[in-house]
Amino acid sequence: MADPHTSLPKLRHSLSAKLLVFTVLFVMVAEVLIFTPSIARFRLDYLEEEIGAAHIAALALEAAPSHMLSPQLEIELLQYVDAYSVALDMHGNQRMLVMNRDMPPVIDKSYDLRKATLFSLIANAFSTLAQAQNRVLRVVGPSPKNPGITVDIVLDEGPMRRAMYDFAWRILSLSIVISLITAGLVYLSLQWLLVQPMRRITEAMHQFRTAPEDESGSPMPSQRRDEIGIAQRELQRMQSDLRVALHEKTRLAELGTAVTKITHDLRNILSTAQLVSDRLADSKDPTVKRVTPTLLASLDRAISLCVNTLSFAREEKPVVAMTRFSLGLLVDDVGAALRLPLPETSRWINEVPREFWLRADRDQMFRVLLNLGRNAYEAGATKVTVSARRGEDGIALEIADNGQGIAPAARDKLFHAFAGTGKPGGTGLGLAISRELLRAHGGDIRLAESRPGSTRFLLTLPERCAVADADVRHAV
């Protein structure tokens, strides 16, 4: 049964539907932005046509003998102009009333097209659209036939408003058709280019989450060179890498279980052998006395390997018990524990003062330093130096030795269990456990330098592990 959180959405919730709605919305917004100056221009053209028609009517008057018209012809000319009166200003010399009929008692609004600006035209156009009643307008403007002649007309606003409404409805209808056609084309294009490939990727991810080992759910290699093609190829590579990693992890888990069982039994066998070997140490035979130390050392290393392996297999995330203690005294204790099996030529140099205090888990920090010191001596070092300093970001501990260094091939997986060993016969558990313990404190460990005669490890702890001087005096 498909997971409801990963099943494909219904059409109204799908990406395609959202894109369709947004496309229609954006086209309509664009049409509104186009409509605003268009309706202002339509109103200006309407008034200019009225002014042009009024000028033509005035020319007809001038063509009449003695400029006399019959009352019926004057009314017909004014009806043609759709105006109450028409007056001309001839080149600024005089204002001459050419025609007139029954004038309304009040003129509601006057407009001078000679002083019009873009914003005033837009404002006047929407003011006209917003009117519910007919207004009487006085409009003054230059004649389209002769810009030197100014035409002054008085007319009703109603016919112009109706023409503007007709124009607006035509624009709205055209905008709806354009938006639907555009949205449909965008919808089909995005369905083909984006939505369908995304659905295939989503289905492949869901199938991989359900059955990671099943390779039949992997998407087919895409030949597209755009972002979708790159995403499909990267998803396929990621799934292939994860399948390999899961296969390796499964084998390692099975191997770890088997090794744990074998190690447990082997530790018991080696413990018995160690007891028997201890009795050989009391033998008077010179040959037995000569080989017994080597045998005992080999048994100790084998038992230590078994114990470390079992401990690493059993341990979960370490629990940190924070206490305050002197780091200098802790380093002395670690050196004392390390010197017991070491030759007299080996040196453990503690450069950490006893007044250097930490707030951390003392047992875990002891274990970290012991692992690093033991690794250094087993790698051939005769001198190990421990130092520490406080910084703005926290505490830094440095452990340096004069050993042979770590092989370059071992550095990439230096802190990986059973993989990051730098010496023959090692397991790499010491460094892996040390990093795990430091990270439980919020710190870390890294290899700062490694070359013949000089190897340095840098251990960092967060600022919260530092103890202020006042707290130190109080603890003392």
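Just so you know, all these numbers are worked out from the coordinates, no wet-lab data involved. Remember, predicted model here, so these are calculated numbers, not experimental data. Note: ideal-geometry Cβ built from the backbone for every residue, glycine included; neighbour counts use all protein chains shown.
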### Task
Can you grab the distance from the C-alpha centre of region 334-407 to the C-alpha centre of region 154-200, Å, no decimals?
77 Å
### Query
Which ³J(HN,Hα) values, rounded to whole Hz and listed in residue order, are derived for region 80-90 from phi using the Karplus coefficients 6.51, -1.76 and 1.60 in 6.51 cos²θ - 1.76 cosθ + 1.60 with θ = phi - 60°, glycine and proline given as x?
5, 6, 6, 9, 7, 8, 9, 9, 10, 10, 7
### Message
5 Å is the cut-off here: which amide hydrogens, built 1.01 Å from N in the peptide plane, fall below it relative to VAL467, excluding neighbours closer than 5 in sequence?
### Response
TRP357, ARG359
### Message
What distance in nm lies between label points placed 7 Å from Cα along the C-beta direction at ARG200 and HIS416?
### Response
3.4 nm
### Message
Explain nothing, just compute: Karplus ³J(HN,Hα) = 6.51 cos²θ - 1.76 cosθ + 1.60, θ = phi - 60°, for every residue of region 407-412 in order, whole Hz, x for Gly and Pro.
### Response
4, x, 5, 8, 6, 5
#### Entry: Placed amide H near ASP112: partners under 5 Å, 5+ positions off or other chain
VAL140
### Task
Once you have the Cα-Cα distance between THR210 and ARG243, take 0.36 nm times their residue separation minus that, and quote the gain in nm to one decimal.
10.6 nm
## Note on the structure
Going fewest to most other Cβ atoms within 10 Å around each Cβ, GLU436, GLU49 line up as GLU49, GLU436
### Task
Could I have the simple spin-label model distance between ALA407 and LEU188, label points 7 Å from Cα toward Cβ, reported in nm to one decimal?
6.6 nm
### Task
Calculate one ³J(HN,Hα) per residue across region 42-48 by plugging θ = phi - 60° into the Karplus curve 6.51 cos²θ - 1.76 cosθ + 1.60, and present them in order as whole Hz with x for glycine and proline.
4, 5, 5, 5, 4, 5, 5
### Length gained when the stretch ALA17-MET103 is fully extended (0.36 nm per residue, less Cα-Cα span)
25.1 nm
### Query
Fully extended, how many nm does the chain gain between VAL177 and ALA130 (0.36 nm per residue separation, minus their Cα-Cα distance)?
14.4 nm
### Query
Using the count of nearby Cβ atoms within 10 Å as a rough guide to exposure, how do LYS18, LYS383 rank from fewest to most?
LYS18, LYS383
### Query
Cα convex hull of region 326-403: mean projected area in nm², to one decimal?
5.1 nm²
### Task
Hey, can you grab everything whose amide H is under 5 Å from the amide H of ILE406? Only 5+ residues off in sequence or another chain; H modelled, so Pro and N-termini drop out.
ARG451
